[in-house]
Amino acid sequence: MVSAAGTTTDLGVTLDDYSVGGDVAVGSGKVFVALADRIAVANSRGELTGSITDLPGAVGLATAPDGRRVYAALHDSNEVAEIDAADLTITRRIDLAAYPCPTNLSISGDRLWVGYGCRDQDTGGVLSLDLSTSAPQPTLLTSGRYGAPVIAVAGNTLVFGDSGLSPSDLLVYDVSDTPATLRGEIDGHTYGTSNLQDLAITADGSMVISAFGYPERYEAWDTTNLTKVRTYGEAPFPTFAGYPVGVVISPDGDRIAGGWTAGPERGITLYDAETTTKLYGRDNPIGAVVKGSLAFSGADVFCVLREYSTNRLYLWRYAGNSPTTSAIALIPPPAGTLWKPLTLTGRLTLADESTPGVQEIEVSRRLPNGTNQPLKDVTTALDGTFTITDTPPVTGDISYDMVWEGLEDVTGSTASVTVTVDKTEATLTLTGPTRATVGEQFQISGSVKIRDLGPFPPARLQLLRTVANNHGTSTTALYVETALGDGSFSYVDTPTKHGLYTYSVKWPGDDNTKPTQATHVVKVVRGRG
């Protein structure tokens, strides 16, 4: 399977035992994958090119600093195999019969460190092998551990922790001399750590990064003063980011790659090593990232995936070069009116001003009270343009938020604009005769209508009647009640004197509508006596 973001290669192996297989090492331009009874070999593009067999229980891998040799922990035969990375031959086997179930490897200079121990037994420990000798003999660092410790070594520093205990402590040793000396312990009880999955250490050994199943983040520890200095990938409470299962540091030390299983971060995420900023990440295309299987190859990251339904293993090359960025330009109308459709326009583009073709973008609106309401997703045209039409349900500042998730090789993007929505207009009408006679009854009718309000509630309105003639002007306050449902009302009047009668009704407005008024004039004349 190939995408612009990398490749996913079927390794042709199904492993139901989650504790074995899947470790990855890189050397001499090749990628090595431990598969329990063999090592698969791929090129830097993730394409399988060969395999190394006769390796019973191949579980842990490590590459010599010069990249010419690869070491494999053989869990079942209690050996470490040394492999020529160029011609893929096994150059020697180192017997560890007295130290059963070698599992985890880490190398610094000419010294290979081995975390050994069978699962669910307290016979584990850590030992080292001097690879510069023709027949390396084990030098024991510690024993009586529960299972095979996870180890990381660089410079003069070795860190290990028990994967079979929860909470798990991290022990830090100075390995500049033999025997190594304990520098101190990072207390798992104090820091609330549990289920150690993986460790990565900087090239100078000054900082180690732990991947615990809990807490749900990567933690960096100063290996001199044994304090926590920073975290990567931590999500704000109560958001669930996922479970960390692997961590590795790039060869230049600038980036941290973390493997996650479950949750929204399911896959690989890259972080800036110094600032802890998330650079980019992508969900994996198959299943769960296998514990401790991450390895850098240049800018790319390799790991093994376990398919959920079948337990089949796949090699995933995650292209580590920075993906193309995207942007959403969103243009709002100058203003909006309650219950009246408004239109927003925009365009989704890539960094080079090209477009990713037809895409779905999530749209939501935030009301003034903070309520977030999802709207129907918008579909872009081929040129990236789109239109959003919405009918505001309330007045005030309404924000429209857009989220595009991106593609395998394109980062997602967001946009947000705010539209000020004003009250709607109410319509007030008055009708009646324009001429009448003193002493003769007539009717003034009216109605209040508000757009899309539905049945109009009863309301009491003030009706002002102003009479003007040669004797002066007088105004009388009268009241009318609107009818339930249609907002209509009427007033029956019988004039007692001649003049110009002006009837005026005012709608005072409310939370949703603006005030308005209407007038009607009737000329009243004397009758013939």
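The values are calculated or read from the model by the stated rules, or taken from the named source; none is laboratory data. Quick caveat, the model's predicted, so the values are computed rather than measured. No Cβ is skipped: glycine too gets one built from the backbone with ideal geometry, and neighbour counts run over all protein chains shown. The protein model used for the area step is the full one, side chains on, heavy atoms only, and it has no ligands, DNA or RNA in it. Shrake-Rupley method; radii C 1.70, N 1.55, O 1.52, S 1.80 Å.
Quick notes on this one:
- Filtering segment 429-445 to residues that are buried (at least 18 other Cβ atoms within 10 Å of the Cβ) and in a strand (DSSP E or B) leaves L430, A436, I444.
- Pairs linking a residue in segment 370-386 that is among the charged types (D, E, K, R) to a residue that is surrounded by 14 or more Cβ atoms within 10 Å (Cβ to Cβ), with Cβ atoms under 8 Å and 6 or more positions apart or on different chains, are K376/V363; D377/I361; D377/E362; D377/V363; D383/R347; D383/T355.
- Strands (runs of 3 or more DSSP E) enclosed by segment 84-123 - at least 3 residues per element that are at pLDDT 95 or above and polar (S, T, N, Q): 102-108
- When segment 338-376 is filtered for residues that are among the hydrophobic types (A, V, I, L, M, F, W, C), assigned to a loop (DSSP other than H, G, I, E, B) and open to solvent by less than 80 Å² (accessible area, probe 1.4 Å), the ones remaining, listed by number, are L338, W339, A351, L367.
- Some residue of segment 162-181 being within 36 Å of the chain's Cα centre (by Cα) and touching a residue at least 60 places away in the same chain (Cβ under 8 Å): no
- Unique match (being closer than 30 Å to A319 by Cβ and of a type outside the set (K, R)) among D422, D401: D401
- For segment 80-99, the count of residues that are closer than 21 Å to L55 by Cα, open to solvent by less than 40 Å² (accessible area, probe 1.4 Å) and charged (D, E, K, R) is nonzero.
- Residue identified as surrounded by fewer than 19 Cβ atoms within 10 Å (Cβ to Cβ), among the aliphatic types (A, V, I, L, M) and within 25 Å of G27 (Cβ to Cβ) among A299, A295, A335, A329: A299
- When residues of segment 30-48 are limited to those that are touching a Lys or Arg at 6+ places or on another chain (Cβ under 9 Å) and not in a loop (DSSP other than H, G, I, E, B), the one surrounded by the fewest Cβ atoms within 10 Å (Cβ to Cβ): N43
- The sole residue among T387, T411, T420 that is in contact with a Ser or Thr (Cβ under 6 Å, 6 or more places away or on another chain) and open to solvent by 70 Å² or more (accessible area, probe 1.4 Å) is T387.
- Residue within segment 4-13 that is open to solvent by less than 10 Å² (accessible area, probe 1.4 Å) and at pLDDT 95 or above present: no
- Counting only residues that are surrounded by 19 or more Cβ atoms within 10 Å (Cβ to Cβ) and assigned to a strand (DSSP E or B), segment 131-182 holds 16 of them.
- Residue, farthest from L294 (Cα to Cα), within segment 256-277, restricted to residues that are touching a Phe, Trp or Tyr at 6+ places or on another chain (Cβ under 7 Å) and modelled with pLDDT under 85: G263
- Leading residue by the ranking (nearest to A295 (Cα to Cα)) among those in segment 218-236 that are in a loop (DSSP other than H, G, I, E, B) and within 14 Å of the chain's Cα centre (by Cα): G233
- Selection of segment 472-508 for residues being open to solvent by 20 Å² or more (accessible area, probe 1.4 Å) and assigned to a loop (DSSP other than H, G, I, E, B) yields A483, L484, D486, T494, T496, K497, H498, P508.
- Of all residues in segment 183-212 being farther than 18 Å from L294 by Cα and small (G, A, S), the one that is surrounded by the fewest Cβ atoms within 10 Å (Cβ to Cβ): G192
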